[in-house]
Amino acid sequence: MTSTLRTLAVAAASAALLITLSACSTPSPDPTTSASAQASTDAALAVPDACEGDEGVTVVVDASALGDADDVSGTWCVSADDTIGAADALTAAQVQTEGTDQYGDQVVCRVNGVPAEDEAIPAEDGSDYFEKCESMPAAFAYWSLWVKPTGGEWGYAQEGLATQQLEPGDAVELLFTLNGEPAAPAS
């Protein structure tokens, strides 16, 4: 009986070691991977500046409406030679978003932890609002997603982060609006 238990223990330890080693290895590319997923893999480089021409996708986060949000706001150029998803571009720029309990990632509630759940957001009526990310954010304090096609103007994104596709030369912005300001991205 003892040798059987020892054999089972060695087999379990060997299986655990194989699982651990396989997690550390780099998988070979899947030939069925979509162009968007492949582009997101290739778009790992982001530099803190807007892209010039069609060298990549510009990612902008503007939380200036919240006052001291310099650690959240910024502009990055994410290198991309092909179509890339907005969520992938944000990930490459190390921008993290959080959705709501009710709508998941379809509604952006926080960007890099802002606004924090314990952060008082001043409403127009003078009261304090605290974003809990349960449902839709308040109509006076919310993140909006904007896109700017190459050579075009800023416009509200017609899709969410998960499905919005961007071409090299495009820009995407997460803009926090408080009490109607700013109403749109800066040019």
For the range 90-104, 3J(HN,Hα) per residue [Karplus equation, 6.51 cos²θ - 1.76 cosθ + 1.60, θ = phi - 60°, Hz, x = Gly/Pro] | 5, 4, 4, 7, 6, 9, 9, 10, 10, x, 10, 4, 6, 10, x
Given N residues in the range 35-178, what is Rg(Cα) / (2.2 N^0.38 Å)?
-> 1.04
Quick one: which residues, 5+ away or cross-chain, put their amide H under 5 Å from the amide H of Ala141? H built at 1.01 Å from N.
-> Asn179
So, with points 7 Å from each Cα along the Cβ direction, the Asp82-Gln106 label distance in nm works out to 2.9 nm
How much net charge surrounds Ala186 when only other residues with a Cβ under 13 Å from its Cβ are counted (Lys, Arg +1; Asp, Glu -1)?
-> -3
Using all C-alpha to C-alpha distances in the range 92-149, build P(r) with 5 Å bins and read off the rounded percent in each one.
-> 4, 18, 26, 25, 15, 8, 3, 1
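None of the figures in this text is laboratory data; all of them are computed from the coordinates on show. Note that the coordinates shown come from a computational prediction; the quantities given were computed from them, not determined experimentally. All Cβ positions, even for glycine, are placed from backbone atoms using ideal geometry, and neighbour counts span all protein chains on display.
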